[in-house]
Amino acid sequence: MKKTFLVALAYVMAISTTHSQTIKSPGEFLGYELGTQFTYQYKAVDYFKYIAGISPMAKYREYGTTNEGRTLGVCFISSEENLANLEEYRKNNLIKTGLLKGEFTGKQIPFIWLAYNVHGNEAAGMEAAMKTLYTLVSGSYPGVSEYLKSFIIVIDPCQNPDGHDLYTNRYRNTMNSITNPDGKSWEHNQGWPGARTNHYMFDLNRDWTWQTQAETQQRLILYNQFMPQVHADFHEMGVESTFFFAPGADPWNSVITPWQHEFHKLMGNGSATLFNEKFRLYFTKENFDLFYPSYGDTWPLLNGAIGFTFEQGGGGPSGLAYKLESGDTLTLKERIDGHFTASMAVIKVSYENREKLLSEYNKYFEESIKNPQFQYKSVIIKGSNEKSNLNDLLMLFDRNQIRYSYAGNKGKKFKGFDYSSKKDGEVTIEKGDILISAYQPQSHFVQALFEPDSKATDSLSYDLTAWALPYVYNLKAFAIADKMTPDTTKVEMKRIINEASSTKPYAYVANFWGFDELKFMAALYNKKIKLRYSLKPFVLNGNNFNRGSIIVARGDNNLLEAEFDKIVIGAANECQVNLIPANTGLVDSGKDFGSGNSPLVKKRSVALLCGDGTFPGSVGEIWYFFEKELNYPLTLINTSITEKVDLKDYEVLILTSGTYSKLKDTIIDYTKRGGRVIAMENAISIFAGEKTTSLAKAIETRTAEQKLTDKKIKSDDSTLLKKFEFENEKRYNLSERSIGSIYKVKLDDTDPYSFGMGKEWFIMKRTPGYPFLTTGNNIGYILDKEPVSGFAGFKYKDKIKNTLVIGTEKIGSGEVIYITDDPYFRAFWKSGRVLLGNTVLR
């Protein structure tokens with residue numbers, strides 16, 4: 001009793017001491033009232049550090065830096081006693097999840113994580129974060145003292161500082177000195193690229209599972225050290241919208257638990273109470289579903305927390321003030337208040353349900369370990385899969401705390417679902433096979449990522465409808481109903497170390513398997529090494545070499561003789577490629593090294609069009625691919641100056657998704673003069689609309705054939721009434737679309753652009769199909785109407801059968817490569833890297 005009294009007295013004294021120090025409000029610290037300016041991110045960081053320095057109820061922790069060097073950090077806010085025991089609470093929380101070994105000391109309280117501004121131009125979030133922080137440490141909200149004794153609250157004020165400051169700089173640069181709410185004003189219409197994304201133009205709210213971006217990787221390292229019970233992600237939406245809060249819309253991912261459903265309803269009711277008090281408008285259960293596993297709400301849900309999205313009407317176009325269609329003016333102050341109110345609702349509702357929040361959280365992980373709900377208790381990834389894709393999958397597991405091991409029972413056969421054939425098959429366990437057991441803390445997440453066909457209650461999804469990992473990485477894998485025994489040997493990828501030989505080899509040869517070898521090619525090109533690659537398989541000294549194998553001949557690089565061996569061996573070790581020294585250019589069987597079937601290639605200069613007309617996300621993916629994966633130089637050329645640029649300085653020109661009609665003549669001329677164009681997604685329309693191309697002629701033929709077979713609907717056909725009912729319009733339109741479904745692609749594996757991809761590949765399909773080329777090469781194509789996973793409308797499926805995915809044709813002295821869909825989707829579709837690398841480096 002005495003101890004309890006002393007603790008309470010100490011807490012009251014801490015509050016009193018903090019108040020006596022007169023903590024500055026954000027307005028007092030910044031020199032302007034919140035909502036009257038957009039704050040630079042570094043000033044918000046300074047404010048958070050200031051609060052942590054003056055208040056015993058706050059601790060600041062830096063967790064990383066962005067691509068542009070800005071600080072990433074959070075504040076922990078709780079009672080002084082709780083913060084003094086932060087490490088104990090952290091460890092106990094992880095021990096209860098089963099993710100950390102250790103002895104539970106009996107102390108556990110919920111962690112509530114409030115995250116703002118993942119989209120740079122949704123800038124009201126960071127302003128609201130400062131207001132929320134001040135409110136908590138100053139005790140200026142009913143119930144705060146009890147909240148801080150019951151929780152440890154984590155506030156991440158800005159998850160995307162680079163995007164935020166791009167928006168803020170632009171807005172401050174273009175704003176009127178007299179507030180102008182006219183939506184047509186310059187300040188409300190920022191240029192290309194939008195500031196929603198990060199430096200590489202990635203949407204960080206879709207990167208949680210894949211963790212391709214530096215901001216996501218660093219944030220989730222910190223997140224995984226605490227594993228909060230609640231995670232709330234604060235966004236903005238269209239300027240004419242009101243406010244969205246839980247419950248989320250259908251479809252929900254099938255692995256989300258009944259308690260998580262229930263808490264969404266509780267949060268909706270609690271949020272409504274606070275919004276009703278302020279007479280603020282809102283909506284629930286619309287637009288923002290909980291299906292795709294890589295959002296800032298679904299990823300936490302699949303990691304045992306209760307994840308929420310809150311959406312305030314406004315966003316980038318709204319600026320400081322925006323005149324709505326209703327005649328009212330939406331202000332930044334109102335938007336800040338919306339997120340502040342929602343933030344307090346998260347804390348209040350969590351407080352009211354704090355005991356069940358903990359018990360259900362602990363139950364989530366207990367049941368995952370003891371009684372997983374996934375029908376497949378084991379997943380086997382064959383160890384014989386291509387090394388770079390397999391290694392990247394294991395890295396994904398590590399980042400998401402998914403446990404794996406080598407498979408036991410070597411030599412034993414198991415029946416299971418074969419992802420490649422999409423039917424039941426049989427697998428024999430071999431040395432090196434990887435086992436992912438459903439009996440683990442992350443069992444729910446394993447199910448979400450390995451469900452062969454993700455189960456949706458509604459096809460009207462906000463994003464993708466398929467993402468099963470064996471298709472993403474193009475790996476041979478099996479899902480097995482039995483609980484399998486693991487091999488206790490630690491999984492370690494053996495490092496390749498090539499050493500110099502005592503004699504000078506005639507050449508170095510690297511068998512071609514996949515992306516590691518392409519990185520090796522790029523590394524050699526960067527060192528001015530010339531190389532060859534084999535168009536046909538060959539045998540040398542009893543070793544079989546695949547098509548595309550790399551031949552680095554000493555005779556092709558006489559000018560680099562002094563450094564030749566050092567450069568080649570160093571590049572191979574860096575890229576983890578095994579080198580075979582060859583003392584002759586004469587092969588046992590196949591074509592010799594000096595044959596025309598082993599063409600000599602040297603470094604190509606590559607340009608990528610960007611700017612108005614191009615889709616920023618697609619441009620960013622390619623930019624990221626070259627700089628962060630392939631490590632190969634790339635020149636970004638803005639469309640505004642393309643006509644003035646001498647494109648003959650570049651051997652390869654990449655066109656991502658976009659509209660290039662104004663540059664059509666320039667691009668066609670570049671191709672005719674000998675350039676290589678890689679046209680992806682709707683950039684293909686340039687060539688589809690050029691009557692002289694094989695593609696245009698194929699489209700014309702198909703269109704004529706379809707006209708003959710299409711059934712004409714009479715004007716008095718009553719079925720039109722149902723098709724175009726207002727309520728069903730969105731759903732009817734889905735019949736002609738693929739909502740991010742996965743299709744199997746058959747490949748011509750003798751074509752250099754498909755080397756290393758095998759005879760089959762899988763692609764995230766979102767675009768309409770193109771007909772086969774009558775002249776040129778049909779390299780990749782879809783022969784089945786049904787996707788292997790995900791939703792595609794019935795009309796779309798009828799049109800996608802027997803269509804082109806990858807093709808090439810000659811135009812004049814040059815070549816165009818057609819890739820109908822994004823082969824490197826959001827940089828997580830790792831199996832598409834080989835296609836991109838081949839089209840550039842070969």
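The values are calculated or read from the model by the stated rules, or taken from the named source; none is laboratory data. Everything quoted here is computed from the prediction, not taken from an experiment. Using ideal geometry, Cβ is built from the backbone for each residue, glycine included, and neighbour counts are taken over all protein chains shown. Accessible surface is based on the protein model in full, side chains and every heavy atom, while ligands, DNA and RNA are left aside. Shrake-Rupley method; radii C 1.70, N 1.55, O 1.52, S 1.80 Å.
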Taking every DSSP bridge whose two residues both lie in the range 200-324, the antiparallel percent to the nearest 5 is 15 percent
Between the Cα axis of helix 515-526 and the main Cα principal axis of the chain, the angle (0 to 90°, nearest 10) is 80 degrees
Spelling it out for ILE654: with amide H atoms placed in the peptide plane at 1.01 Å from N, the residues 5 or more places away or on another chain with amide H under 5 Å from its amide H are ALA607, LEU608, LEU609, ILE678
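Give the residue list of chymotrypsin sites (Phe, Trp or Tyr not before Pro) in the range 270-354 that are DSSP loop and have at most 13 other beta-carbon atoms within 10 angstrom. Please list the in-between numbers first.
Values: sites: PHE275, PHE279, TYR282, PHE283, PHE288, PHE291, TYR295, PHE308, PHE310, TYR322, PHE340, TYR351; in loops: PHE279, TYR282, PHE288, PHE291, TYR295.
Those that pass, being in a loop and sparsely packed, are PHE279.
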Between the residues PHE794, VAL601, TYR200, the Cα farthest towards the positive end of the dipole of the chain, that dipole coming from +1 and -1 charges on the beta-carbon of Lys, Arg, Asp and Glu, is from VAL601
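Would you please name the GluC sites (Glu not before Pro) within the range 31-116 that are DSSP coil residues with at most 16 other C-beta atoms within 10 Å of their C-beta?
Details: sites: GLU33, GLU62, GLU68, GLU80, GLU81, GLU87, GLU88, GLU103; in loops: GLU33, GLU68, GLU103.
Sites meeting the loop and neighbour criteria: GLU33, GLU68, GLU103.
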Scalar couplings 3J(HN,Hα) for the range 357-369 by Karplus 6.51 cos²θ - 1.76 cosθ + 1.60 (θ = phi - 60°), nearest whole Hz, x for Gly and Pro, are 4, 6, 5, 6, 4, 5, 5, 3, 7, 4, 6, 4, 6
Here the Cα Rg-to-2.2 N^0.38 Å ratio for the range 772-842 is 1.26
Reported to the nearest 10 Å², THR584 has, with a 1.4 Å probe, an accessible area equal to 50 Å²
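Step through the table entries LYS91/LYS363; LYS591/LYS759; LYS387/LYS410; LYS697/LYS746; LYS566/LYS810, compare each Cα-Cα distance with 29 Å, and write down the pairs that go over it. It would help to have the intermediate numbers written out before the result.
Details: LYS91/LYS363 17 Å; LYS591/LYS759 22 Å; LYS387/LYS410 20 Å; LYS697/LYS746 23 Å; LYS566/LYS810 39 Å.
Table pairs above 29 Å Cα-Cα are LYS566/LYS810.
Quick one: compute the contact order of the range 204-306, relative version, from alpha carbon pairs under 8 angstrom and 6+ residues apart, as a percent.
On the way: 117 pairs, mean separation 44.5, N = 103.
Computed over the range 204-306, the figure is 43 percent.
From the alpha carbon gyration tensor of the range 540-598, can you work out the equivalent ellipsoid semi-axes (sqrt of 5 times each eigenvalue) and give them in Å, largest to smallest? Kindly include the intermediate steps, with their values, before the conclusion.
Values: eigenvalues 85, 45, 19 Å².
Working from the Cα gyration tensor, I get semi-axes of 21, 15, 10 Å.
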From the Cα centre of the range 512-551 to that of the range 262-289, the distance in Å is 58 Å
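Can you tell me how much longer the chain between ASP798 and LYS664 gets when fully stretched, taken as 0.36 nm per residue apart minus their C-alpha distance, in nm with one decimal? List each step's numbers first, then the result.
On the way: separation 134, 0.36 × 134 = 48.24 nm, distance 3.11 nm.
Length gained, ASP798 through LYS664: 45.1 nm.
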Sorted on mean Cβ neighbours within 10 Å (highest first), peptides 479-492, 521-534, 795-808 come out as 521-534, 795-808, 479-492
Rounded to the nearest 10, the angle in degrees between the Cα long axis of helix 332-352 and the longest principal axis of the Cα atoms of the chain comes to 80 degrees
Expressed in square angstrom to the nearest 10, the accessible area of SER359 with a 1.4 Å probe stands at 60 Å²
Length gained, GLU103-ILE641, 0.36 nm per residue minus C-alpha separation, equals 187.3 nm
Treating only Lys and Arg (+1) and Asp and Glu (-1) as charged, each at its beta carbon, one finds that the chain has a dipole about its Cα centre, in Debye to the nearest 20, of 1700 debye
Quick numbers on the range 581-621, Rg and Dmax over C-alpha atoms in Å, give 19.9, 54
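Select from the range 234-333 those trypsin sites (Lys or Arg not before Pro) which occupy a DSSP coil region and have at most 11 other Cβ atoms within 10 Å, ordered by residue number.
Values: sites: LYS265, LYS278, ARG280, LYS285, LYS323, LYS333; in loops: LYS278, ARG280, LYS285.
Loop-located and lightly packed - LYS278.
Would you mind calculating the relative contact order of the chain from Cα pairs under 8 angstrom and at least 6 residues apart, reporting the percent as a whole number? Don't skip to the answer; put the middle values down first.
Working: 1738 pairs, mean separation 80.8, N = 842.
Over the chain, the number comes to 10 percent.
Just to be sure I understand: of the beta bridges DSSP finds with both ends in the chain, what percent are antiparallel, rounded to 5? Don't skip to the answer; put the middle values down first.
Working: 73 of 110 bridges.
Antiparallel: roughly 65 percent of the beta bridges in the chain.
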Ignoring ligands and nucleic acids, MET201 exposes an accessible area, probe 1.4 Å, in Å² to the nearest 10, of 10 Å²
Of the convex hull drawn through the C-alpha atoms of the range 561-719, the volume per residue in Å³ is 255 Å³
Kirkwood Rh for the chain from C-alpha pairs, in Å, is 29.4 Å
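Once you charge only the Cβ atoms, +1 for Lys and Arg and -1 for Asp and Glu, what is the size of the charge dipole of the range 64-140 about its Cα centre, to the nearest 20 debye?
On the way: 7 positive and 8 negative charges, 47 e Å.
The dipole of the range 64-140 has a size of about 220 debye.
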Length-normalised contact order of the range 121-182, Cα under 8 Å, at least 6 apart, in percent, tallies to 46 percent
Between the residues GLY425, PHE450, ILE497, the Cα farthest towards the positive end of the dipole of the range 353-508, that dipole coming from +1 and -1 charges on the beta-carbon of Lys, Arg, Asp and Glu, is from ILE497
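As a check on your grasp of the helix formula, calculate [θ] at 222 nm for the chain: sum -39500 (n - 2.57) over DSSP H runs of n ≥ 4, divide by the residue count, round to the nearest 500. Could you put the intermediate results ahead of the total?
On the way: 26 runs with 279 residues, N = 842.
Here the helix-only value at 222 nm equals -10000 deg cm²/dmol.
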In whole angstrom, the spacing between the Cα centers of the range 554-622 and the range 484-502 equals 26 Å
Nearest 10, in degrees from 0 to 90: the angle of helix 2-20 to the longest Cα principal axis of the chain is 80 degrees
With 0.36 nm assigned to each residue of separation and the Cα-Cα distance removed, ASN371 to THR273 gains 31.5 nm
Output row, site LYS504, 7 Å Cα→C-beta label point, backbone N cut-off 14 Å, window the range 546-581, residues 553-567
To the nearest 20 debye, the range 201-357 has a Cα-centred charge dipole, built from +1 on Lys and Arg Cβ and -1 on Asp and Glu Cβ, of 360 debye
Per the charge dipole of the chain (beta-carbon charges, Lys/Arg positive, Asp/Glu negative, Cα centre), the residue among PRO247, GLN211, LEU148 reaching farthest to the positive end is GLN211
